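Asker: Before we start, here is the structure in question, set down as structure tokens.
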Amino acid sequence: AHSYTKYNSWDKIQSWISSIASSNSNLISKQVIGNTYEGRPMTILKLGRKSSSRKPAIFMDCGIHAREWISPAFCQWFVKEAMSTYGQDSQMTSLLNEMDVFVLPVFNIDGYDYTHKSNRMWRKTRSRKSGSSCIGTDPNRNFNAGWCTTGASSNPCSDTFCGYSPESEIEVKNVADFIRRNKSIIKAYITVHSYSQLLLFPYSYTFELAATHSELLKVAEGASAALRSLYGTRYTSGPGAATIYPAAGGSDDWAYDLGVKYSYTFELRDTGRYGFLLPESQIKPTCEETMLAVKYIAAYVQKNL
Ligand SMILES: Nc1ncc(C[C@H](C[SeH])C(=O)O)cc1Cl
Ligand SMILES: [Zn+2]
Ligand SMILES: [Zn+2]
Ligand SMILES: [Zn+2]
């Protein structure tokens with residue numbers, strides 16, 4: 001059965017999505033934004049008090065990289081917390097009354113399923129192209145943001161293969177299309193990865209500072225402090241290029257350049273002891289502390305609507 005403190009298989013997550021989406025029609029609904037390469041439905045959960053008019057929104061995705069299992073675990077945790085604390089927690093209640101939160105629990109479903117069934121360390125999508133024996137593209141190098149100029153490879157066998165063209169991956173195109181369609185209401189983009197305990201923001205494709213660098217940094221530092229207040233977990237905040245590595249084609253840079261003012265990449269626990277193989281015993285503490293950071297960002301966005 002599905003558990004918030006286990007790394008659920010895609011089958012369990014898919015049935016969880018259906019059941020939670022039908023649990024409270026005034027607060028949550030689901031929509032399929034397209035299928036993956038292997039035909040699995042990319043399903044977004046829309047959280048927020050039902051309204052006849054469109055509300056400003058936050059978009060959060062998990063599981064861009066298949067092996068980063070703590071990431072989809074967090075998106076499931078976030079949805080559970082939102083649903084269970086609405087009406088009790090004043091901030092969550094206010095947030096979901098005034099805004100919508102779109103959650104994509106697993107971005108790279110084909111890759112996620114492959115890590116459960118075949119290769120636990122797989123990172124990319126599972127797309128195939130004639131002419132190469134190698135499979136998959138790194139979705140976080142496939143967005144149209146300085147595409148393939150740095151920190152990415154044009155070798156299909158590389159784990160950071162940028163793809164044959166920007167948005168060549170159907171999963172990337174499905175998400176980019178959704179965000180483009182809704183760009184007038186999407187005020188913040190959050191994408192969840194692991195590991196290293198970092199809170200990154202644009203840019204990764206250049207060392208140039210973003211136009212709103214100081215604000216992005218201020219919010220990141222506030223979010224990291226909120227996270228640290230629970231168990232003392234230390235995060236480093238900063239622009240991607242200087243804080244982790246220069247790399248192009250990432251979703252956060254693309255969303256920021258589209259006009260999404262607040263755009264962040266989380267790199268969750270740990271710092272290398274377990275790495276991608278974070279034990280299930282750390283799912284709860286990791287998700288609880290990360291909730292504080294995401295709620296901090298959401299509160300800031302809401303205050304600055
Ligand atoms: N724009 C970006 N933002 C964050 C990162 C770091 C993640 C860490 Se898993 C990656 O390498 O894809 C990479 C890029 Cl290209
Ligand atoms: Zn499994
Ligand atoms: Zn990642
Ligand atoms: Zn990572």
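Asker: Of the residues 203, 189, 164, only one is more than 16 Å from ligand 4 (Cβ to nearest atom) and in a strand (DSSP E or B); which?
Answerer: After ruling out the rest, the residue left standing is 189.
Asker: Something else now. For the condition under 20 Å from residue 268 (Cα atoms), more than 16 Å from the chain's Cα centre (by Cα) and open to solvent by 60 Å² or more (accessible area, probe 1.4 Å), what is the one hit in 30, 6, 12, 50?
Answerer: Step by step, each of 30, 6, 12, 50 is checked, and only 6 is under 20 Å from residue 268 (Cα atoms), more than 16 Å from the chain's Cα centre (by Cα) and open to solvent by 60 Å² or more (accessible area, probe 1.4 Å).
Asker: Checking the conditions here, which among 165, 154, 194 is out of contact with any Cys (no Cβ under 7 Å at 6 or more places or on another chain) and without any contact (Cβ under 8 Å) to a residue 40 or more places away in the chain?
Answerer: Exactly one residue qualifies, and that residue is 165.
Asker: Also, quick follow-up: What number of residues in region 206-262 are assigned to a helix (DSSP H, G or I) and either buried (at least 18 other Cβ atoms within 10 Å of the Cβ) or of a type in the set (Phe, Trp, Tyr) (or both)?
Answerer: Here the count works out to 17.
Asker: Still on this model: Could you please find all residues in region 103-147 being at positive phi and open to solvent by 20 Å² or more (accessible area, probe 1.4 Å)? Outline the logic, then answer.
Answerer: Quick first cut of region 103-147, residues at positive phi only: 131, 136, 146.
Answer for region 103-147, where residues must be at positive phi and open to solvent by 20 Å² or more (accessible area, probe 1.4 Å): 131, 146.
Asker: Give me the pairs, please: first residue somewhere in region 112-127 and under 13 Å from residue 9 (Cβ atoms) and of a type in the set (Val, Ile, Thr), second residue anywhere and assigned to a loop (DSSP other than H, G, I, E, B) and within 15 Å of ligand 3 (Cβ to nearest atom), beta-carbon distance under 8 Å, and either six or more positions apart or on two chains.
Answerer: The qualifying pairs are 115/66; 115/67; 115/69; 115/121; 115/122.
Asker: Among the residues in region 116-123, are any under 17 Å from residue 191 (Cβ atoms) and touching a Leu at 6+ places or on another chain (Cβ under 8 Å)?
Answerer: No, the conditions are met nowhere in region 116-123.
Asker: Report, by residue number, each residue of region 1-47 that is without any contact (Cβ under 8 Å) to a residue 40 or more places away in the chain, away from ligand 2 (no atom under 16 Å from the Cβ) and either aliphatic (A, V, I, L, M) or at positive phi (or both).
Answerer: Residues satisfying the conditions are 21, 32, 39.
Asker: Name the helices (runs of 4 or more DSSP H) wholly within region 24-137 that hold at least 2 residues that are of a type in the set (D, E, K, R)?
Answerer: 70-85, 109-117
Asker: Name every residue in region 280-305 that is farther than 20 Å from residue 185 by Cβ and β-branched (Val, Ile, Thr), in order of residue number.
Answerer: Within region 280-305, 283, 286, 290 qualify.
The values are calculated or read from the model by the stated rules, or taken from the named source; none is laboratory data. For clarity, every value in this text was computed on a predicted model and none was experimentally measured. Using ideal geometry, Cβ is built from the backbone for each residue, glycine included, and neighbour counts are taken over all protein chains shown. Note: accessible area is taken over every heavy atom of the protein model, side chains too, but ligands, DNA and RNA are not part of it. Shrake-Rupley method; radii C 1.70, N 1.55, O 1.52, S 1.80 Å.
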